[in-house]
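This report refers to the structure that appears directly beneath it.
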Amino acid sequence: MLVGGGIVGFRLTQMFIAPENVSQTPDNLFHQNALRVIEETGRASSLTLGNLDPTATGISFYPGVWHDMTALIMSTFGLSTAVASNLMSIVIGAVFWPLSIVLLLRVFFGRNMLLMVAGGLLSAFFGIFPYVPLFFGVLYPNYLAMALLPALLALIAAALGVSRDLDSPLPARLLLGAIASVGTFLAHPSIGLLAMAASCPLLIFWSVRVTRTSRLRWRVAVPTVVGVSYVAIVCLLWARLRPSAAASGWKPFQTVAQAVGEAVSSAPVGRPFPTALTILTVLGIWFLLRRRDAPAISLVVICALTMWFYVVSASWRPDSVRDAITRVWYNDSFRTGPQIAAVVAPVAAYGLAVILMLLARSVCRATGRLRRPVRQLSATALVIVSAVAVTAWGQDYSVSYGQIIGQGNYRFNDHSPLLNTDEAQVVSRLNKTVAPNSVIANVPGDGSGLIYAMTGQRTVLMTAQATPTGDAKQIYDRLGNVQSDPSVCRAVDATRIRYVAAFGSEVNLMRHDYAGFRGLENNPGVTLVDSAGQARLYRITACDESAS
């Protein structure tokens, strides 16, 4: 585990380039500002996090486990939102992720040192995870939930008794499974739903075992009732806990055959082919099917089901059937693809462990005439050398590609798409240039959406798609007429909007054009108070008398 986690941790540090670099993606605006809201208010509930407003207390759900954990790191060590986000990402990828894989292998197949070693090593074999969720989006909540998915499946299997060598009492296993399930739903509901669907084969094996071992007729009906109820609950949650159709417009982009090939090879969304990982996956499936026991068959079915979700999102025609199956993930293959790693990792690890075991046995047979310590030493040496060789083989172009492509969204320079160096200079001086208790009008996608996260200075808008309402909209629409239209100054006084941040172009070619912000450099009602490159900060001076 230390080796695999160390490799992942090192690659993530290279991907982030510097501790303070932010993900240059539109979704990061929400995540960074949410961290600041939690730090300022102490309110970390998922029930209110969606408000993204320190003054709001109404119900607005957003999965907040990642934000809660990261905010805890922020407050404990006094870190910025960006540094805390990157540190949390490294902890998840280098610690939680390999531990999660190892736990699944331990619960499904019992105590086996080779399996534990293989599980830790396989955590570093993927070019899709942890790199894609940290490149695209950025999908911090999905990333955490995906990393914990193997552990959740392990706890569910333990609760159902589809496991090996577990000494803990049933009530404790049920309680752990329930807590982990709720926690995963709060980390991200889509992964919680995936875990519920993936638990169906585990539930089937539990039902068969209860039916066969029960001597009472009425108890034979229990598995049927539980099974039907469980499927009904899954279907209900699947329909209710999915995003809107308007937000789920991601289209298929390849044939079914291509999608199947990408799923089996753990190379979705056009990622390079990972040779070692694919071979180990195929071998793992073969070895598991030969076992013919409940944990092995369940793991293969879970793996196939998760791959199928990717195939549906990536290749099925966009209709109501596809929508019913994968709208849980916005019909987005950048979400259904990386989660394949969570179920392929233990399968491939099993394949590697069996190969290492066969090598060790062959050495023991070949050195049968030698003393036992010599045989054991020879077998151990071969296993270590083979594991090192396979690990080196597993660090192929597919993994490097994931790291390098991801690195592109963390570069901080004059041309960074969300926040560039000029804009960062203006932001760094805001606490000196902006009067206390003032609010800044802004267009978040141009980088000004990070002002609140980085400085604590309030802005009107905090997410890339947000639009102004009420009095703020009056300013956005009519600031150009501030000297002749008294209603603008009334809106300024009502909202305390005294500044306008104009940082230029928006991320991802977004364009929000507000009439009031056109030609600010020629507007006599505003005064330039700071600038760097194309980044500008204006003060609304035409309303100074009304404010006094």
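The values are calculated or read from the model by the stated rules, or taken from the named source; none is laboratory data. Because the structure is predicted, anything quoted here is derived from the model rather than measured. Using ideal geometry, Cβ is built from the backbone for each residue, glycine included, and neighbour counts are taken over all protein chains shown.
Take the residues in the range 19-45 that are assigned to a loop (DSSP other than H, G, I, E, B) and of a type in the set (D, E, K, R); name whichever of them is nearest to Val83 (Cα to Cα).
Glu20
In the range 138-170, what count of residues is obtained for those that are without any contact (Cβ under 8 Å) to a residue 12 or more places away in the chain and in a helix (DSSP H, G or I)?
Final tally of qualifying residues: 1.
Arg106 fails exactly one of the following numbered conditions: (1) crowded, with 24+ Cβ neighbours inside 10 Å; (2) touching a Leu at 6+ places or on another chain (Cβ under 9 Å); (3) within 23 Å of Ser181 (Cα to Cα). What is the number of that condition?
Only one criterion is unmet by Arg106, namely (1).
Among the residues of the range 300-333 satisfying the criterion of being in contact with a Leu (Cβ under 8 Å, 6 or more places away or on another chain) and of a type outside the set (A, V, I, L, M), which is surrounded by the most Cβ atoms within 10 Å (Cβ to Cβ)?
Phe309
Would you check if there is a residue in the range 520-540 being surrounded by fewer than 15 Cβ atoms within 10 Å (Cβ to Cβ), touching a Leu at 6+ places or on another chain (Cβ under 9 Å) and at pLDDT below 95?
Yes, some residue in the range 520-540 is surrounded by fewer than 15 Cβ atoms within 10 Å (Cβ to Cβ), touching a Leu at 6+ places or on another chain (Cβ under 9 Å) and at pLDDT below 95.
Arg173 is checked against (1) without any contact (Cβ under 8 Å) to a residue 24 or more places away in the chain; (2) more than 30 Å from Gly50 (Cα to Cα); (3) surrounded by fewer than 19 Cβ atoms within 10 Å (Cβ to Cβ) and fails just one. What number does that condition carry?
(3)
Given the condition closer than 30 Å to Gly408 by Cα, in contact (Cβ under 8 Å) with a residue 40 or more places away in the chain and part of a strand (DSSP E or B), answer yes or no: does some residue in the range 463-485 qualify?
No - not one qualifying residue is present in the range 463-485.
Confirm whether Gly93 is in contact with a Lys or Arg (Cβ under 9 Å, 6 or more places away or on another chain), closer than 26 Å to Ala341 by Cβ and of a type outside the set (A, V, I, L, M).
yes
Could we say that Ser207 is under 25 Å from Trp66 (Cα atoms), of a type in the set (S, T, N, Q) and modelled with pLDDT of 85 or more here?
When the stated conditions are applied, Ser207 does not pass them.
Conditions first: (1) assigned to a strand (DSSP E or B); (2) in contact with a Phe, Trp or Tyr (Cβ under 7 Å, 6 or more places away or on another chain). Gly516 passes all but one, so which condition is the exception?
Checking Gly516 against (1) assigned to a strand (DSSP E or B); (2) in contact with a Phe, Trp or Tyr (Cβ under 7 Å, 6 or more places away or on another chain), the one that fails is (1).
Considering only the range 382-395, I want to know if a residue exists there that is farther than 28 Å from Tyr131 by Cα and either under 34 Å from the mean Cα position of the chain (by Cα) or assigned to a helix (DSSP H, G or I) (or both).
yes
Could you grab me the full set of residues in the range 312-342 that are more than 25 Å from Leu104 (Cβ to Cβ), hydroxyl-bearing (Ser, Thr, Tyr) and under 18 Å from the mean Cα position of the chain (by Cα)?
Within the range 312-342, just Tyr330 meets the criteria.
Name, by its number, the condition in (1) within 30 Å of Phe96 (Cβ to Cβ); (2) aliphatic (A, V, I, L, M); (3) outside the structural domain of Leu47 (by TED's automatic domain parsing) that does not hold for Val222.
Among (1) within 30 Å of Phe96 (Cβ to Cβ); (2) aliphatic (A, V, I, L, M); (3) outside the structural domain of Leu47 (by TED's automatic domain parsing), Val222 violates only (1).
Give the range 445-462 a look and list any residue that's within 17 Å of Thr81 (Cα to Cα) and crowded, with 18+ Cβ neighbours inside 10 Å, or say none.
Passing the criteria: Gly447, Ser448, Gly449, Leu450, Ile451, Tyr452, Ala453, Met454, Gln457, Arg458, Thr459, Met462.
Would the range 99-119 turn up any residue that is under 21 Å from Leu186 (Cα atoms) and of a type in the set (Val, Ile, Thr)?
Within the range 99-119 (the criterion being under 21 Å from Leu186 (Cα atoms) and of a type in the set (Val, Ile, Thr)), the answer is yes, since at least one residue qualifies.
Between a residue in the range 239-256 that is touching a residue at least 60 places away in the same chain (Cβ under 8 Å) and any residue that is surrounded by fewer than 12 Cβ atoms within 10 Å (Cβ to Cβ) and in a loop (DSSP other than H, G, I, E, B), which pairs come within a Cβ distance under 8 Å, given they are 6 or more apart or on different chains?
Partner pairs satisfying both residue conditions: Pro252/Arg317.
Scan Val222, Val138, Val208, Val182 and give me the residue that is hydrophobic (A, V, I, L, M, F, W, C) and buried (at least 16 other Cβ atoms within 10 Å of the Cβ).
Within the list Val222, Val138, Val208, Val182, the selection yields Val138.
Tally time: how many residues in the range 48-71 are farther than 19 Å from Leu139 by Cα and either of a type in the set (A, V, I, L, M) or surrounded by 15 or more Cβ atoms within 10 Å (Cβ to Cβ) (or both)?
Going through the range 48-71 one residue at a time, the tally reaches 5.
If I ask for residues that are within 23 Å of the chain's Cα centre (by Cα) and aliphatic (A, V, I, L, M), which ones from the range 231-259 would you list?
Correct list: Val234, Leu237, Ala239, Leu241, Ala245, Ala246, Ala247, Ala259.
Which of the numbered conditions does Gln376 fail, given that it passes all the others? Conditions: (1) buried (at least 23 other Cβ atoms within 10 Å of the Cβ); (2) over 30 Å from Gly447 (Cβ atoms).
Result: Gln376 passes all but (1).
Pairs needed: first member in the range 376-388, under 14 Å from Arg365 (Cα atoms); second member anywhere, among the basic types (Lys, Arg) and loosely packed, with under 15 Cβ neighbours inside 10 Å; C-beta distance under 9 Å; at least 6 residues apart or different chains.
Ala379/Arg361
Condition first: closer than 22 Å to Ala118 by Cα and of a type outside the set (Ser, Thr, Tyr). Can you find one or more residues in the range 325-339 that meet it?
Within the range 325-339, one or more residues are closer than 22 Å to Ala118 by Cα and of a type outside the set (Ser, Thr, Tyr).
Could you grab me the full set of residues in the range 262-272 that are touching a Phe, Trp or Tyr at 6+ places or on another chain (Cβ under 9 Å) and either surrounded by 15 or more Cβ atoms within 10 Å (Cβ to Cβ) or touching a residue at least 40 places away in the same chain (Cβ under 8 Å) (or both)?
Glu262, Ala263, Ser265, Ser266, Ala267, Pro268, Val269, Arg271, Pro272
Can you tell me how many residues in the range 422-432 are out of contact with any Lys or Arg (no Cβ under 9 Å at 6 or more places or on another chain) and either in contact (Cβ under 8 Å) with a residue 40 or more places away in the chain or not in a helix (DSSP H, G or I) (or both)?
Residues meeting the conditions: 5.
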